[in-house]
Amino acid sequence: MKKKQKKARNTRKKLDEISCGSAKSFPKQLGLEEHFKCPIWFADQPAFVDDLNKASDSYIETSKKNLKETIDKRNKKFGDKGDMGNVFHSTTLIGDPNFKQLQDYIGATSHNLLNEMGFDLTNYSVFTTEMWVQEFAKKGGGHHTLHTHWNGHMSGFYFLEASEKTSMPIFQDPRAGNIMNLLPEKDTSKVTYASAQVHYQAIPGRLIFFPSYMPHMYSVDLGYEPFRFIHFNCQAIPKGVLNVVQK
C-alpha cells in the first residue's frame, strides 16, 4: 500500500513538473491585445413605447386570432393550458407609418455602427429589411431557442412590455471552436474571457443592437407579467445592385 502511495506521489510530482502551471520563470509582463471582439450596443429610448404599444395591439390580436384554432385543438387533445408556450408573431411592420420613425432610427443607427466597426460602406446602403412585433403567451412558456439571423448585418430588439419577472435575451459566444473547448468558469456571476453567454435585462424602452451573426435566444417566460418586443434586421446592400433594380 505504501509503495502504491509513494508511486502515486512521484507520478503527481512528474506531472506537476511538466504542466503549464509549474514554470518558474516567464517575462515579468506579457503584452495583451484583444482581437475578434463581438460588440453589443444598448440604450434606453422610452419615448417610443406608448405609441408603439398601441400601434402593435392590432398586429398581436390578429396573430392570436390566427393561432386560436391551433391552440384550441391542442387544449382539447391534451388538456386546457390556455395559450401556454406560444409566441404571437406579427406580419411585417415595414411600411406602417406608425413605425416609420423607429424604422428610420434603426436604419441610420445601424449604418453608423457598421461604420464604427470598421466596415467601408462607401458603395453600400443600409436598409431595415425586417421588423416585426412579438408577444409571449400570458400563461407563460414563451421562448426562443438559440439562433442567428441569415442574410443580414445588424439585428436588434426594442422592448415594449418587460420587467425583471419576464423573459430576457441571452447571447452566446459565436466562436464555435471556443465553445467546443470551454473549461469550467471560476465565477459565473462575472463576465470574463471564460464566459460562454451574457444576458441583458429587458425593460420597456430598451434598445439593443448586435451583429446578425451573434447567436441569441430568449429564456423561458413564466407568465408573471406581459412580455412584448419589436425585433429587427438590417442589411447593407451594394449600391450597384440597387441601381440595377431601379432601372
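The values are calculated or read from the model by the stated rules, or taken from the named source; none is laboratory data. Here the structure is a predicted model, which means the values were calculated and not measured. When we count neighbours, we look across all protein chains shown, and the Cβ atoms used for this are built from the backbone with ideal geometry, even at glycine. Accessible surface is based on the protein model in full, side chains and every heavy atom, while ligands, DNA and RNA are left aside. Shrake-Rupley method; radii C 1.70, N 1.55, O 1.52, S 1.80 Å.
Can you confirm whether Phe119 is of a type in the set (Phe, Trp, Tyr) and assigned to a strand (DSSP E or B)? Write out each step before concluding.
Values: of a type in the set (Phe, Trp, Tyr): yes; assigned to a strand (DSSP E or B): no.
So Phe119 does not fit the description; no.
Given the structure, is Ser167 open to solvent by less than 10 Å² (accessible area, probe 1.4 Å) and at negative phi? Outline the logic, then answer.
On the way: open to solvent by less than 10 Å² (accessible area, probe 1.4 Å): yes; at negative phi: yes.
The answer is yes for Ser167.
If you take the residues of region 170-194 that are closer than 19 Å to Ser219 by Cβ and of a type in the set (Val, Ile, Thr), which of them is surrounded by the most Cβ atoms within 10 Å (Cβ to Cβ)?
So, considering only residues that are closer than 19 Å to Ser219 by Cβ and of a type in the set (Val, Ile, Thr), the one surrounded by the most Cβ atoms within 10 Å (Cβ to Cβ) is Ile170.
Out of all the residues in region 111-146, which are of a type in the set (S, T, N, Q) and in contact with a Phe, Trp or Tyr (Cβ under 7 Å, 6 or more places away or on another chain)? Steps first, answer last, please.
Initial filter on region 111-146 (of a type in the set (S, T, N, Q)): 112, 115, 122-123, 125, 128-129, 134, 145.
Result: Thr128, Gln134.
Taking the conditions exactly as written (touching an Asp or Glu at 6+ places or on another chain (Cβ under 8 Å), open to solvent by less than 80 Å² (accessible area, probe 1.4 Å) and either closer than 22 Å to Arg206 by Cα or at pLDDT below 95 (or both)), does Ala108 satisfy them or not?
no
Keeping to region 111-147, report how many residues are farther than 16 Å from Phe42 by Cα and open to solvent by less than 80 Å² (accessible area, probe 1.4 Å).
20
For region 195-213, which positions are surrounded by 17 or more Cβ atoms within 10 Å (Cβ to Cβ) and closer than 22 Å to Trp150 by Cβ?
Ile208, Phe209, Phe210, Pro211, Ser212, listed by residue number.
Being polar (S, T, N, Q) and part of a loop (DSSP other than H, G, I, E, B) is true for just one of Asn151, Asn233. Which residue is that?
Asn151
In this structure, does Asn112 turn out to be without any contact (Cβ under 8 Å) to a residue 60 or more places away in the chain, out of contact with any helix residue (DSSP H, G or I) (no Cβ under 6 Å at 6 or more places or on another chain) and not aromatic (Phe, Trp, Tyr)? Give the steps one after another, and end with the answer.
On the way: without any contact (Cβ under 8 Å) to a residue 60 or more places away in the chain: yes; out of contact with any helix residue (DSSP H, G or I) (no Cβ under 6 Å at 6 or more places or on another chain): yes; not aromatic (Phe, Trp, Tyr): yes.
Judged against the criteria, Asn112 is a match.
Could you tell me which of the residues Thr92, Thr62 is polar (S, T, N, Q), open to solvent by less than 90 Å² (accessible area, probe 1.4 Å) and assigned to a loop (DSSP other than H, G, I, E, B)?
Numbers: Thr62 fails: assigned to a loop (DSSP other than H, G, I, E, B).
Within the list Thr92, Thr62, the selection yields Thr92.
Looking at Asp96, Asp120, which one is in contact with a helix residue (DSSP H, G or I) (Cβ under 9 Å, 6 or more places away or on another chain), of a type in the set (D, E, K, R) and more than 19 Å from Pro204 (Cα to Cα)?
Testing whether each residue is in contact with a helix residue (DSSP H, G or I) (Cβ under 9 Å, 6 or more places away or on another chain), of a type in the set (D, E, K, R) and more than 19 Å from Pro204 (Cα to Cα) leaves just Asp96.
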